[in-house]
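The values are calculated or read from the model by the stated rules, or taken from the named source; none is laboratory data. All values reported here derive from a predicted model rather than from experimental measurement. All Cβ positions, even for glycine, are placed from backbone atoms using ideal geometry, and neighbour counts span all protein chains on display.
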Amino acid sequence: MQSPPATPQRRPRLLLVTHYFPAHRGGVEIVAGELAARLSSQFEIQWLAADCDKPPNLEGVRSEGQAAWNKLERLGLPWPIWKRKAWSAMWRAVRNADLVHLHDYIYPSNMVALVLARLYRKPVVITQHIGDIEYRNPLLRLTLRQVNRVVGRHLLCRADQVIFISPRVKALFERFTPFKRAPLFWPNGVDLATFHPLDNAQRQSLRARLGAAPEHVVVLFAGRFVEKKGLAFIHQLAQRQADWRWWFAGWGSPGPYDPRGWNLPQAHVWHDRQGAGMAELYQAADVLVLPSYGEGFPLVVQESLACGTPVVISAETVFGMPELPRAIRAEPYTPSASHPEDWLKALSEVVTAPDRELVRAEAAMYASNTWNWDRLAHDYAALFIDLHNSGNAPQAPTKRAPGTPVQPGR
């Protein structure tokens, strides 16, 4: 039932499965796109995801949207369910692939892809982004915890390699998952050609163009307008600090987490900002705020730091991370027991620090030295080649520091 081994004339066939395509603007799918673009020269890539958005046009990547029902996203659950004909496409794709790469186990399409890959004895790599999420709704919170400990445990232990983007999420699953081989921590990369700092004159010119005077304090939020991003808490912060400018770059369904419905004159929502347009907001802002929970290490934090902009984020987000730059300020946060005054104090200390220009420079240098997409893609390519060459029983990997290339065939 296995496909024939790759020959020198044919690149290994890699099936990539995500819940959405990058046009959906979530961190998971953006990460998948960055990797696919860099791996396409070494692999024949077929990318399947729900057809909620336009597939990306990447050279060497065959992106195919699959008909799906996506109504649950209105409830804050990005959980598209493929329609009947799409499952036939999945079956054919897995059957024809040499390797399968999944981003998170929890989506129906990814679960089915893993089951089919085991049936056809195809090597599987899972990049796991999220863990438990402390939803306000106790039923949702308990359900996800049980799913991770039952379904997640069952599926992750069947992958040939699991890669975590956050040491906190890695530590969570290590408590109850007997992995086939030791899981790895590989943080995401950042597009440093797009997300980079400006000198002070360029930055002040950009701020003026975006409507921020030199004396204005600009606090930026970037991400989906959903509960787990801490929007209700940011609403409280913005109400208490009305003399600051609160910028929101994101999207979501109308409701309590959508800043467009808050009726706060100090809040401004930026629409359809991606790539260089999003980089401008990071570069212009004084600080990024993100009291999120249940995430890995969000890509928006990495992009902000790459632009030299400090961040104030929840302490759980940085749990277990290696040494971090001074530009990261971590504050305790839970939806039920957090104090706006503590976060406002932290934000104020960041934006008024006497050495803030040095902090900005250190942040950008740290990002440039630590989060490199090309190096990360090299690591993934070496892992995929190792799994492909050694069949379905790879040797245990040598322990290494994140970012150190894996040698093929080890």
**OP:** Determine which member of the set Pro335, Pro310, Pro340, Pro322 is under 21 Å from Met278 (Cβ atoms) and either assigned by TED's automatic domain parsing to the domain that holds His235 or among the aromatic types (Phe, Trp, Tyr) (or both).
**Re:** Pro310
**OP:** Would you mention how many residues in segment 80-105 are farther than 18 Å from Ile30 by Cβ, within 24 Å of the chain's Cα centre (by Cα) and either part of a loop (DSSP other than H, G, I, E, B) or not hydrophobic (A, V, I, L, M, F, W, C) (or both)?
**Re:** 1
Original post:
Does at least one position in segment 227-240 carry a residue that is at negative phi and assigned to a loop (DSSP other than H, G, I, E, B)?
Top reply: no
Original post:
Which of (1) touching a residue at least 24 places away in the same chain (Cβ under 8 Å); (2) more than 23 Å from Tyr293 (Cα to Cα); (3) of a type in the set (A, V, I, L, M, F, W, C); (4) out of contact with any strand residue (DSSP E or B) (no Cβ under 8 Å at 6 or more places or on another chain) is the odd one out, the single condition Ala213 does not satisfy?
Top reply: (1)
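Rundown of residues vs (1) surrounded by 19 or more Cβ atoms within 10 Å (Cβ to Cβ); (2) β-branched (Val, Ile, Thr); (3) at pLDDT below 95; (4) closer than 22 Å to Gln128 by Cα, yes/no style:
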| site | (1), (2), (3), (4) |
| --- | --- |
| Arg10 | no, no, yes, no |
| Arg13 | yes, no, no, yes |
| Tyr20 | yes, no, no, yes |
| His24 | yes, no, yes, yes |
| Val28 | yes, yes, yes, yes |
| Val31 | yes, yes, yes, yes |
| Leu48 | yes, no, no, yes |
| Ser63 | yes, no, no, yes |
Original post:
Say we look at segment 258-274 and pick out the residues that are in a loop (DSSP other than H, G, I, E, B) and either touching a residue at least 60 places away in the same chain (Cβ under 8 Å) or basic (Lys, Arg) (or both); which of these is surrounded by the most Cβ atoms within 10 Å (Cβ to Cβ)?
Top reply: Arg273
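Results for (1) under 23 Å from Pro298 (Cα atoms); (2) modelled with pLDDT of 95 or more; (3) not assigned by TED's automatic domain parsing to the domain that holds Gly26, shown as yes or no for each residue.
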residue	(1), (2), (3)
Pro214	no, no, yes
Val218	yes, yes, yes
Ala222	yes, yes, yes
Lys229	yes, no, yes
His235	yes, yes, yes
Ala238	yes, yes, yes
Gln241	no, yes, yes
Trp244	no, yes, yes
Trp247	yes, yes, yes
**OP:** Please go through segment 115-166 and pick out each residue that is closer than 27 Å to Leu387 by Cα, touching a residue at least 60 places away in the same chain (Cβ under 8 Å), under 23 Å from the mean Cα position of the chain (by Cα) and surrounded by fewer than 19 Cβ atoms within 10 Å (Cβ to Cβ).
**Re:** none
Original post:
Which members of segment 21-50 meet the condition of being farther than 20 Å from Leu116 by Cβ and either outside any helix (DSSP H, G or I) or among the polar types (S, T, N, Q) (or both)?
Top reply: Phe21, Arg25, Gly26, Ser40, Ser41, Gln42
Original post:
From the list Thr194, Thr177, which one is farther than 20 Å from Leu324 by Cβ, touching a residue at least 24 places away in the same chain (Cβ under 8 Å) and within 18 Å of the chain's Cα centre (by Cα)?
Top reply: Thr194
Original post:
Taking segment 320-355 as the search range and keeping residues that are of a type in the set (Gly, Ala, Ser) and part of a helix (DSSP H, G or I), which one is nearest to Trp244 (Cα to Cα)?
Top reply: Ser348
Original post:
Going through segment 68-84 one residue at a time, which ones are among the small types (Gly, Ala, Ser) and under 20 Å from Ala32 (Cα atoms)?
Top reply: Ala68
